[in-house]
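The values are calculated or read from the model by the stated rules, or taken from the named source; none is laboratory data. The structure presented is a predicted model; accordingly, all values stated were derived computationally and were not measured. Cβ sites come from the backbone with ideal geometry, for glycine too, and all protein chains shown count toward neighbours. All accessible areas refer to the heavy atoms of the entire protein, side chains included, with ligands and DNA or RNA removed. Shrake-Rupley method; radii C 1.70, N 1.55, O 1.52, S 1.80 Å.
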Amino acid sequence: MNTADKVEILGLVADLGLGLDLADRERYRRCFGDTVLIHNPAFQGADAWHSYSGDEWADRVTATQARLTSIHTLTCVSTEVYDGTAETMLMQQALFADAEGSYQVAGPLRLTLVDDAGWRIERLRFEVIWTTGDPQVYARARKAVL
């Protein structure tokens, strides 16, 4: 991987986390291509892959995040680049809070990116392997939006 690709992908990962924590729709949206495949049972409530337009995904996620106080920590970045695509592995820990309590999730976050005039996520998979707190905190925010 050349240095420019590495810097751009690290910037995308930073925008991903900041877009979530600030519920900044534009920052979060620019991380994704026109369509994105998502596997995130913690958000979707189902263990399956779903296809969204980049706009729809950003709208759903940032609207949910705007109802919460959250802190996302993305660490252990590992990226392999293969002729126009990249596989990035992170560990994600997220803390969500509302007036009634808090909920924390953690696990591996796998991103498949494509270089289409800039790196963009085309597949995102979050596997929750650890939780603590009240899962209804996140469920309340998600339900109010979806």
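Observations on the model:
- Among (i) 287; (ii) 96; (iii) 118, the entry derived from the coordinates for volume of the Cα convex hull per residue in Å³: (ii)
- Mean-position separation - Cα centroids, the range 18-97 and the range 127-143, in angstrom: 15
- Selected from Thr88, Thr132, Thr73 as most flexible by GNM, with the chain as the system and alpha-carbon contacts under 10 Å: Thr132
- Tilt relative to the chain, helix 54-65 - C-alpha long axis, 0 to 90 degrees, to 10: 40
- Annotation note: GluC sites (Glu not before Pro) in the range 52-146 located in DSSP loop regions with a Cβ neighbour count of at most 10 within 10 Å are Glu100.
- When the residues Asp34, Asp55, Asp24 are ordered by accessible surface, computed with a 1.4 Å probe over the protein chains alone, the sequence from largest down reads Asp34, Asp55, Asp24.
- Put a plus charge on the Cβ of each Lys and Arg, a minus charge on the Cβ of each Asp and Glu, and nothing anywhere else: the dipole of the chain about its Cα centre is then about 420 debye.
- Cα centre as origin, Lys/Arg/Asp/Glu Cβ charges: the range 55-106 dipole, Debye: 260
- Calculated accessible area for the chain comes out at 51 Å² per residue, all protein chains present (probe 1.4 Å; ligands, DNA, RNA ignored).
- For the chain, the fraction of 1.4 Å probe accessible surface lying on carbon and sulfur atoms is 49 percent.
- Between Asp47 and Glu8, the contour length at 0.36 nm per residue exceeds the Cα-Cα span by 11.0 nm.
- The range 18-74 - charge dipole about Cα centre, Lys and Arg +1 at Cβ, Asp and Glu -1, debye rounded to 20: 120
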